[in-house]
Amino acid sequence: MAPHPNAITLLGAGTQGSRLAYMWSRLGRPVYLVDKDLDQLSKASDTIEELRNKETSPYKRGPVHGLTIAELDKALRESWLVIECTPENLKCKRSVIQQLDSQADPDTIIASNSSSHSITEVCEGMGFKANDRFVNLHSFWPPETQVLEIMGTDKTRPDIIPLLMNESREHGFLPFHVRKDSMGYIFNRIWAAIKRETLMVLDEGIATPQEVDEMYKAVLHAPKGPCEQMDVAGLDVILAIEEHYAQARSGIPDGPRKYLRDIVDRGDLGVKTGAGFFDYSANA
């Protein structure tokens with residue numbers, strides 16, 4: 001089958017994969033959502049339908065095809081772009097990127113949605129069939145938050161970044177080009193300082209999550225405070241990012257990670273489990 005110039009593949013049907021599938025299908029173009037877990041694909045389908053039911057603008061609705069890992073080849077043959085949305089684990093991401101490089105056509109753009117690992121770090125020391133097509137496409141919480149950070153490597157083809165900027169903007173994203181390799185991109189470098197200080201305030205017993213968020217929103221006129229924002233992202237994801245920062249940079253205090261690890265260890269991961277800093281069970 002000839003490559004479909006309009007299709008994209010998303011590997012991983014979790015929270016980000018589901019929401020990105022919704023975004024990239026908004027112009028009526030096909031999306032392949034690939035996961036090893038059939039239950040996860042079913043949940044993703046429900047999420048996409050819920051998002052579509054909330055639409056206020058007349059977007060087209062492209063087909064979102066849920067496929068198993070065994071069907072990845074079919075998806076890649078028809079896609080100009082593939083985005084991995086796998087767990088925030090460097091070993092896992094390196095394995096996935098290596099697999100995508102071996103299976104995808106050399107012209108297919110391969111992107112990582114990692115929150116903390118730059119594509120340069122993911123690709124370091126690995127041999128590839130085509131090493132000029134790797135990028136980070138880091139999203140936040142689409143469609144509510146449309147920001148998309150796009151970061152290449154020193155080998156990324158010069159045509160890829162402008163193409164992704166234009167395509168993502170047409171699909172409803174607000175893209176920003178990260179001009180140099182940056183651990184944490186742009187926003188997350190700033191956000192890292194906010195959430196780390198928040199965790200230190202909580203760990204030291206200076207304020208409660210509710211008080212922190214109320215003050216933050218009152219001062220900055222923000223819709224969410226840092227504790228609620230961390231709950232939305234997933235406290236396990238936040239912990240993984242913090243662990244990565246601590247490994248890569250000296251001088252990061254242990255307290256915030258220990259405080260967060262205690263919450264994660266009891267199974268309170270935020271919105272997705274019904275409890276984190278706050279209780280979401282009434283919303284289930």
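Set the Förster radius R0 to 45 Å, insert the Cβ-Cβ distance between MET200 and LYS60 as r into 1/(1 + (r/R0)^6), and round the FRET efficiency to 0.05.
0.45
Work out which helices of the chain, taken as complete DSSP H runs, extend at least 18 Å along their axis over the Cα atoms and score a mean Kyte-Doolittle of 0.0 or more, then list them.
187-203, 235-248
Once label points are set 7 Å from the Cα along Cα→Cβ at both ARG52 and SER182, what is their separation, rounded to one decimal in nm?
3.6
Lys/Arg Cβ at +1, Asp/Glu Cβ at -1, dipole of segment 7-178 taken about the Cα centre: which of THR153, SER102, VAL34 is farthest positive-ward?
VAL34
Quote to one decimal, in nm, the extra length available between ASP107 and ARG261 on full extension: 0.36 nm per residue of separation minus the C-alpha distance between them.
51.3 nm
Expressed as a whole percent, how much of the Cα-Cα distance distribution for segment 187-273 exceeds 18 Å?
40
If the chain between GLU214 and ASN89 were fully stretched, how many nm would it gain, using 0.36 nm times the residue separation less the Cα-Cα distance?
41.7 nm is the gain from fully extending GLU214 to ASN89.
Collect residues whose amide H, placed 1.01 Å from N in the peptide plane, falls under 5 Å from the amide H of LEU67; neighbours closer than 5 in sequence don't count.
LEU33, VAL34, ASP35
Given charges of +1 on the Cβ of Lys and Arg and -1 on the Cβ of Asp and Glu, with all other atoms neutral, how large is the dipole of the chain about its Cα centre, in debye to the nearest 20?
In debye, rounded to 20, the chain gives about 700.
Taking amide H positions as placed 1.01 Å from N in the peptide plane, with prolines and chain starts having none, which residues 5 or more places from GLU78, or on another chain, fall under 5 Å of its amide H?
HIS4
Using only Cα atoms, figure out Rg for the chain and give it as a multiple of 2.2 N^0.38 Å.
Working it through for the chain, the quotient is 1.01.
Over all directions, what mean area does the Cα convex hull of segment 113-231 project, stated in square nanometres?
9.0
Placing +1 at every Lys and Arg Cβ and -1 at every Asp and Glu Cβ, with all other atoms neutral, what dipole size does segment 31-155 have around its Cα centre, in debye to the nearest 20?
Roughly 140 debye, rounded to the nearest 20.
Which order, highest average first, do 169-178, 210-219 follow once you tally other Cβ atoms within 10 Å for each residue and take the mean per peptide?
Going by the mean number of other Cβ atoms within 10 Å, highest first, we get 169-178, 210-219.
Determine the per residue accessible area of segment 33-185 with all protein chains present and a 1.4 angstrom probe, expressed in square angstrom.
Per residue, segment 33-185 has an accessible area of 48 Å².
Show me 111-120, 221-230, 45-54 ranked by packing, highest mean number of other Cβ atoms within 10 Å first.
Packing order, densest peptide first, comes out as 111-120, 221-230, 45-54.
Taking every DSSP beta bridge with both residues inside the chain, roughly what % is antiparallel (nearest 5)?
Percent antiparallel among DSSP bridges in the chain is about 20.
Each label point is 7 Å from the Cα along the Cα-to-Cβ direction; what then is the distance between the points at ASP279 and ALA222, in nm?
Placing both labels 7 Å beyond Cα along the Cβ direction yields 2.5 nm.
For labels at GLN98 and LYS43 in the simple 7 Å Cα→Cβ model, what's the distance in nm?
The two pseudo-label positions are separated by 2.8 nm.
State the answer as a single residue: which of SER115, LEU164, THR86 lies farthest towards the positive end of the charge dipole of segment 38-196, with beta carbon charges of +1 for Lys and Arg and -1 for Asp and Glu, about the Cα centre.
Of the options given, the answer is SER115.
Just how far, in whole angstrom, is segment 207-284 from segment 14-38 if you go by their alpha carbon centroids?
So the two Cα centres are separated by 26 Å.
At a 1.4 Å probe, what is the % contribution of carbon and sulfur to the accessible area of segment 187-273?
Of all accessible area on segment 187-273, carbon and sulfur atoms account for 53 percent.
Would you grab the residues whose amide H sits under 5 Å from the one on SER112? Only those 5+ places off in sequence or on another chain, please, with H modelled 1.01 Å from N.
HN-HN under 5 Å from SER112: GLU84, VAL135, ASN136, LEU137.
Over 27 Å between Cα atoms: which of LYS36/LYS93; LYS91/LYS258; LYS129/LYS180; LYS36/LYS224; LYS91/LYS195; LYS54/LYS180 fall into that group?
Beyond 27 Å between Cα atoms: LYS36/LYS224; LYS54/LYS180.
With runs of 4+ DSSP H residues as the only contributors, calculate the mean residue ellipticity of the chain at 222 nm using -39,500 (n - 2.57) per run, divided by the residue total and rounded to the nearest 500.
Roughly -13500 deg cm²/dmol at 222 nm, from the helical runs in the chain.
The values are calculated or read from the model by the stated rules, or taken from the named source; none is laboratory data. Small disclaimer: the values here were computed from a predicted structure and weren't measured. So basically every Cβ, Gly included, is an ideal-geometry build from the backbone, and we count neighbours across all protein chains shown. Areas reflect the complete protein model, heavy atoms only, side chains present, ligands, DNA and RNA absent. Shrake-Rupley method; radii C 1.70, N 1.55, O 1.52, S 1.80 Å.
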